[in-house]
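Structure record follows, encoded as structure tokens.
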Amino acid sequence: GIKKPFTEVIKANIGDAHAMGQRPITFLRQVVALCTYPNLLDSPSFPEDAKKRARRILQGCGGNSLGSYSASQGINCIREDVASYIERRDGGVPADPDNIYLTTGASDGISTILKILISGGGKSRTGVMIPIPQYPLYSAVISELDAIQVNYYLDEENCWALDVNELRRSLNEAKTYCNPKVLCIINPGNPTGQVQNRKCIEDVIHFAWEEKLFLMADEVYQDNVYSEGCQFHSFKKILYEMGPEYYNNVELASFHSTSKGYMGECGYRGGYMEVINLHPEIKGQLLKLLSVRICPPVSGQAAMDVVVNPPIPGEESYSQFIKEKESVLKNLAEKAKLTEDMFNKVPGIHCNPLQGAMYAFPQIFIPSKAIEEAKAHKMAPDMLYCIKLLEETGICVVPGSGFGQKQGSYHFRMTILPPVEKLKILLEKVKDFHIKFLEKYA
């Protein structure tokens, strides 16, 4: 009931595209609708290519119904479609449907793999290397499974690049108090938005091979690459191209999802992981572990199928699908550039290029008076900043301390998902707020 100086709260704190007004991809919704209510298969309102996919998915379901359990690993024909997609994406690198596990979003796959890798006690407890800044799912699961979080820092001065010397420093320090076994990579980055180049990925793979680390590649933003000269390379493809010594020995799990990309279908909880070079006995244990949760949501599996098996040239839905997909990605690329440019015009804010993903993670200067006030309130300085931003403007962003950052530096993460006009208003409001904040605490 208290009067606020704004008319609405803009939730720029979470990568939820549809909540921010992004329109669903028509073809994806058509296929899922047909699977959910097969009576629509007789309707002339639906295109034949959507019906064809829906029939194929339904044939893979018990009793031809989306309401039946699927195999724990996911519906067979969808896993086959995922394997074909990976082969196309990676220029013919073979993919085996038996190595594909459909998951409840990528998060479910990530926590399942960590569950199977974590063991030991005391100094032999498993250490999991994660990038800082990181997506907080990692620290949460590591904490829940009572493993050891091993931080390696991304290089902010160098556009959040990943440096193998930093990996080595982090690993060697960790060996004194735990057993580092897992290396997690997020590419394109969340919250940092960097896209790793080929050389960097080769270096990381060589490092994992040398140190016998299990590699986890979180690649859910693989469709979200905006900057000129940047390109998404999958860890699987580069691993294969590095030759059999690497390809036959490095254990790798990679993850994808329906929630990001151009789809933004977060609510379906669809995803997959591909796991290679896992020992057959461990594979058996992984399947047991997945069987405990019976199966991922079957509607989410159907949505994942459309992502990996979209309309192709010559099919009737192709032109509309491509138009919608390119429109979303072009719009995100515009917003990435707009956000970077606007932030870098504000004194006391520095923002690296948003090469990919859907977030900005600008560094903010916080004066010492504000740092003192935050201490008095027993909160992180960037948390104080974000709370004041919310109270005064209605803009909700997440403090950098929630993701991890170098000591003495402060950031916040915000999504670039709001519509362009709303994003411009948001960025103007942040600019005005920041200038007032600096004046108040100077």
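The values are calculated or read from the model by the stated rules, or taken from the named source; none is laboratory data. All of these numbers come straight from a predicted model, not from anything done at the bench. FYI the Cβ positions are ideal-geometry reconstructions off the backbone, even for glycines, and counts take in every protein chain you see. Each accessible area value is taken on the protein alone, full model and side chains, heavy atoms only, with ligands, DNA and RNA left out. Shrake-Rupley method; radii C 1.70, N 1.55, O 1.52, S 1.80 Å.
The table for this structure:
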| read-out | value |
| --- | --- |
| Probe 1.4 Å - accessible area at R198, Å² to nearest ten | 80 |
| Sequence-distant residues sharing a close amide H with I10 (under 5 Å, placed H) | I395, C396 |
| Kirkwood Rh and Cα Rg combined as Rg over Rh, evaluated for region 1-98 | 1.16 |
| Charge context of Q149, other residues only, Cβ under 15 angstrom, K/R +1, D/E -1 | 0 |
| Three-way shape call for the chain based on the alpha-carbon gyration tensor, with the a/c threshold at 1.5 | oblate |
| Y152 long-range amide H proximity, modeled H, under 5 Å | I130, I132 |
| Whole-Å distance, taken between Cα centres, linking region 353-394 and region 264-331 | 36 |
| Subset of K375/K429; K3/K431; K325/K431 violating a 29 Å alpha-carbon distance limit | K325/K431 |
| Total lysine pairs under 18 Å (Cα atoms) in region 59-308, excluding pairs fewer than 8 apart on one chain | 12 |
| Net charge of neighbours whose Cβ lies under 15 Å from the Cβ of R29, counting Lys and Arg as +1 and Asp and Glu as -1 | 0 |
| Counted charge near T103, where neighbours are those whose Cβ lies closer than 10 Å (Asp, Glu -1; Lys, Arg +1) | +1 |
| Computed [θ] at 222 nm, helices only, for the chain once each DSSP H run of length n ≥ 4 contributes -39500 (n - 2.57) | -13500 deg cm²/dmol |
| Karplus-derived HN-Hα couplings along region 5-21 (A = 6.51, B = -1.76, C = 1.60, θ = phi - 60°), whole Hz, x at Gly and Pro | x, 8, 9, 8, 8, 9, 8, 9, 9, 9, x, 10, 4, 5, 5, 8, x |
| Accessible-area composition of the chain, carbon plus sulfur, in percent [1.4 Å probe] | 53 |
| For region 59-308: accessible area per residue (Å², 1.4 Å) | 37 |
